[in-house]
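Below is one structure, written out as structure tokens; the observations come after it.
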Amino acid sequence: MGKKPTSSGLFTELRIFFISIKLTVFILITLAATSIIGTLIPQNKSDESYIHEYGNFLYRIFKAINIFDMYHSWWFQFLIILLAVNIIVCSIDRLAAIWKIIFIKIPVFKISRFHKLKDKEAFSSKRSPDALIDIYEKLIARRFAYHTVEKTDNGFCIFAEKGRWTRLGVYIVHSSIVLLLAGSLIGSFLGFEGYVNIPEGSAKNVIFLRNTMVPHELDFSIQCDDFNVSFYETGAPKEFRSSLTIIENGTPVRKKDIIVNDPLRYNGVNIFQSNYGADTPKEIVLAIFSNSSSMEYKKTVRIGEKIDLPEGMGELVINNFMNNYKFKGHAIGQSFFGSITSDKGETQNIVLPVQYPQFDKMRRGNAYISVADFKHSYYTGLQVTKDPGVPVVYTGFILMILGCFVTFFMSHQSICVEVMKKGKTSSVIVSGIANKNKPGMRIKVKKILQQLEKTG
Amino acid sequence: MDSSSLLSIVTFVYGFAALLYIISWIFNKELPGKTATWVTIAGVAGNTAGIIMRWFESYQVGYGHAPFSNMYESLIFFAWTIAVVYLVLEFQYKNRVLGAFVVTLVFFTIAYASLSPNISSRIQPLIPALKSNWLIAHVITCFLGYAGFAIAFGMSILYLIKKDGGPGESRMLSLVPEQEALDEMIHQMVMFGFFFLSIGIITGAVWANSAWGRYWGWDPKETWSLVTWFIYAMLLHARLVRGWHGKRIAIISIIGFMAVIFTYFGVNYLPGLHSYG
Ligand code: HEM
């Protein structure tokens, strides 16, 4: 690399800058430190809450350097790209240097390297080198991918090795990181993430993007046919289920019930069950208990529609609904609100909590009214995302696991079995080199020695 | 007997084992050491039984989920992973001094779960987002990673208190493995931890993608686990590329474990999705 004489000055300097491990450590420390700041300062809250929290002055400084959305700020992205360049340049540089060593056809062994080792294991065999050579070769061949036998002046040497390719593990890890970064960039440029609330029975094709709340139009509409929620005895929600239909150009093209963890995927867009809420029901059934006649009447009322009460008690309209109404500081749950207008034109407001049928008695009217029945009407809260970078990121995940495994738990191991004639017997010396996990290699050398000793 | 009372007993079994390890170290006696190993094995057996019982109990009350869903359950599992990884290590290296530190850590972990008034041992229903097999894979791998780091942390402390050896060394310190061996063990445990933390973060990301449609959301727990990952990545590079050894590696390993602890406990004081523990 970098042999071009003209540009070599700048090129070399850039290369030296980018292959430095100091740069790596600097970026990693900076990323760690700034990431921590991002967990201490809540991200993407409203401007008012920040001004309230930090005051106007700090707010302006923080805003100017994107502290409130820092993981998407230019400088955070810059650090990430710097990291990617660092890894790429460094890995190419290293790989170029070791490529020839890794993809060598016939490995070269130097006996002197093995002689220099401190840990050697030895024993003496009663047989001569000539009697041992075939047995030993077979034994070693079983354990190592490559081996070669060399005759020496007074005996022989078996060299063997395996796992040369595991030296590539690091580069698998580094390329996985590059894939992760690339995938996340693809996602942030070509993907989106937003929310939409769809009442049961209706369809929508516009969602609101996360954080910014900018409307975003989809190529299709999502229709919520039905929504159901079930609860544990404790009152915590157990399962939300939405029946959805995708409608493209006016025709239904897909139907699916989704629950949390089981989304609908269509055209690269994922539709997730996220939350839900209760909408104002369309119709309720009221029980009207007349005080004068002690009669109970059931009436079905549409929200916002005036009806005549029985026995000439006037006109009733129910026009509002709240999921959790607070009455004098007490939460009394789902409640309907309306008014009664008597024949004389006097208007009284009424509150009808679903859970407290006697509540309306307090009004001391000539009848009291309670909610006998109504059909819950929910909206489903969907999270709608698209991220074309996911396959790239997932490939990165797999390579990361494989690469880490190879890097940490496998090694390039070479071994030398040297047999020398000593009168009628032979002396056998076993020594081994590994690029990693040296204690493990020591144990392995011992094991091989024991095996050789057993066979003679 | 239900699982939480079994696990309370296990707490005392681990406490007893830790005490035996310490006695065996101080008095350099073989018998308490051997007993300590067996008591720890009994503790692990009880711990395992407790986790399995809890799994059954959650089906009996009708929730039916793996016992990895709240702080109590995760601490119990954390204690289990540290104890198991430690036993494997003791078997390999035949040295029990480390047990005085690590099994004490196991004891504190499970004691905190069983005895702290802030932590409820009730079996709670699972919110819908947690109903995923990825959750199980995520929790198991994360805690294997944490266990590796916890043990590396114990060894790093040992490394720092063990001076260079030599004739002036006290008898207690002379029982500690040689610094060189400790250094290598720290490295092995950090690699083990890093491998599983990586898988833990990845399975968490896959799970988030299947539940919310995004694999990474910069929620505080995610961010802190990434910070932890960065710290150990720095440790590995310092060693593999710059050839750092010994004291400096031990110090980074201690800092890394502080980050683990914060990822685990501290983050619950910050707002986010992972508040269940
Ligand atoms: C977090 C992002 C990472 C960055 C920015 C990074 C960067 C680097 C750089 C720049 C080098 C070469 C330094 C030199 O040759 O002087 C290097 C080497 C190395 N990295 Fe990473 N790395 C990262 C992640 C990892 C991970 C996760 C592993 C663990 C599996 C790893 C394992 C290694 C190893 C073993 C080497 C030594 C390579 C050799 O001896 O040739 N790296 N890394």
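In table form, for the structure just shown:
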| item | result |
| --- | --- |
| Cleavage-rule hits, trypsin sites (Lys or Arg not before Pro), the range A:299-343, DSSP coil, Cβ neighbours within 10 Å at most 10 | A:Lys328 |
| Computed Kirkwood radius, in angstrom, where 1/r is averaged over Cα pairs of the range A:283-375 | 13.3 Å |
| Value in Å of the Kirkwood radius, where chain B supplies the Cα pairs that are averaged | 19.5 Å |
| Accessible area of chain B belonging to carbon and sulfur atoms, whole % at 1.4 Å probe | 69 percent |
| Longest segment of chain B lacking trypsin sites (Lys or Arg not before Pro) that sit in a DSSP loop with at most 10 other Cβ atoms within 10 Å | B:123-277 |
| Dmax and Rg, reported as Rg then Dmax, of the range B:132-277 (C-alpha, Å) | 17.3, 62 |
| Three-way shape label, the range B:1-126, alpha-carbon gyration tensor, a/c 1.5 | prolate |
| Shielding by partners, peptide B:185-197 (average Cβ within 10 angstrom, other chains) | 2 |
| B:Ser174, A:Ser128, A:Ser292, reordered so the largest accessible area comes first (probe 1.4 Å) | A:Ser292, B:Ser174, A:Ser128 |
| By average C-beta atoms within 10 angstrom, highest first, the peptides B:188-201, A:239-252, B:15-28 | B:188-201, B:15-28, A:239-252 |
| The range A:87-168 - Rg over Rh from alpha carbon coordinates, Kirkwood radius | 1.09 |
| Projected area averaged over orientations for the range A:175-269, convex hull of C-alpha atoms, nm² | 8.5 nm² |
| Solvent exposure of chain B as accessible area per residue, Å², 1.4 Å probe | 41 Å² |
| Per-bin percent of Cα-Cα distances, the range A:311-419 [5 Å] | 2, 8, 12, 12, 8, 6, 4, 3, 3, 4, 5, 5, 5, 5, 4, 3, 3, 2, 2, 1, 1, 1, 0, 0, 0 |
| Accessible area (Å², per residue) of the range A:43-175, counting only protein heavy atoms and a probe of 1.4 Å | 63 Å² |
| Long-range Cα-Cα pairs in the range A:22-176 (distance over 22 Å), rounded percent | 66 percent |
| Under-5 Å amide H pairs with A:Thr152, H placed in peptide plane, nonlocal only | A:Cys157 |
| In Å², nearest 10: area of A:Val428 left accessible to a 1.4 Å probe | 0 Å² |
| Peptides ranked, highest mean first, by Cβ atoms within 10 Å: ranges B:104-110, A:204-210 | B:104-110, A:204-210 |
| J(HN,Hα) series, the range A:180-192, from Karplus relation 6.51 cos²θ - 1.76 cosθ + 1.60, nearest Hz, glycine and proline x | 4, 5, 4, x, 6, 5, 4, x, 6, 8, 10, x, 8 |
| Solvent-accessible ranking of A:His72, A:His376, largest area first, probe 1.4 Å | A:His72, A:His376 |
| Under 12 Å from the Cα of A:Lys424 - aspartates and glutamates, other chains or at least 8 residues apart | A:Asp130 |
| Partners for A:Lys255 among lysines (Cα-Cα distance below 30 Å; same-chain residues under 8 apart left out) | A:Lys204, A:Lys238, A:Lys282, A:Lys375, A:Lys386, B:Lys131 |
| The range B:219-230 - phi-based ³J(HN,Hα) in whole Hz, Karplus 6.51/-1.76/1.60, Gly and Pro as x | 6, x, 5, 4, 4, 5, 5, 5, 4, 4, 4, 4 |
| Value at 222 nm in deg cm²/dmol, rounded to 500, when DSSP H runs of n ≥ 4 in chain A each add -39,500 (n - 2.57) | -11500 deg cm²/dmol |
| Eligible aspartates and glutamates near A:Lys446 by straight Cα distance, threshold 18 Å, same-chain separation 8 or greater | A:Asp119, A:Glu121, A:Glu137, A:Glu161, A:Glu418 |
| Residue-span extension gain [A:Lys326 to A:His376] - 0.36 nm each, minus C-alpha spacing | 16.0 nm |
| The range A:283-375, accessible surface, carbon-and-sulfur percent (1.4 angstrom probe) | 46 percent |
| A:Cys224, A:Cys90, reordered so the largest accessible area comes first (probe 1.4 Å) | A:Cys90, A:Cys224 |
| From phi via Karplus (6.51, -1.76, 1.60), per-residue ³J(HN,Hα) for the range A:73-88 in Hz, x at Gly/Pro | 6, 4, 6, 5, 4, 4, 4, 5, 5, 4, 4, 4, 4, 3, 5, 5 |
| B/A buried area, accessible surface, summed, 1.4 Å probe, Å² | 4000 Å² |
| In degrees, nearest ten, helix A:21-40 long axis to first principal axis of chain A (Cα) | 20 degrees |
| At least 40 Å² accessible surface lost relative to isolated chain, residues of the range A:387-424 (1.4 Å probe) | A:Tyr394, A:Phe397, A:Met400, A:Ile401, A:Phe408, A:Phe409 |
| Distant-in-sequence amide H partners of A:Asp262 (H built 1.01 Å from N, under 5 Å) | A:Gln273 |
| Sulfur and carbon atoms: percent of accessible area, the range A:1-117 [1.4 Å] | 70 percent |
| A:Arg210 long-range amide H proximity, modeled H, under 5 Å | A:Glu193, A:Gly194, A:Tyr195 |
| Chain A: radius of gyration over Cα atoms, expressed as a fraction of 2.2 N^0.38 Å | 1.71 |
| Loop-resident sites, the range A:74-138, for trypsin sites (Lys or Arg not before Pro), counting at most 12 other Cβ within 10 Å (DSSP) | A:Lys105, A:Lys110, A:Lys116, A:Lys118, A:Lys126 |
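The values are calculated or read from the model by the stated rules, or taken from the named source; none is laboratory data. Remember, it's a predicted structure, so these values are computed and weren't measured experimentally. Neighbour counts run over all protein chains shown; Cβ positions are idealised from the backbone, glycine included. These accessible areas exclude ligands, DNA and RNA; they are computed on the full protein's heavy atoms, side chains included. Shrake-Rupley method; radii C 1.70, N 1.55, O 1.52, S 1.80 Å.
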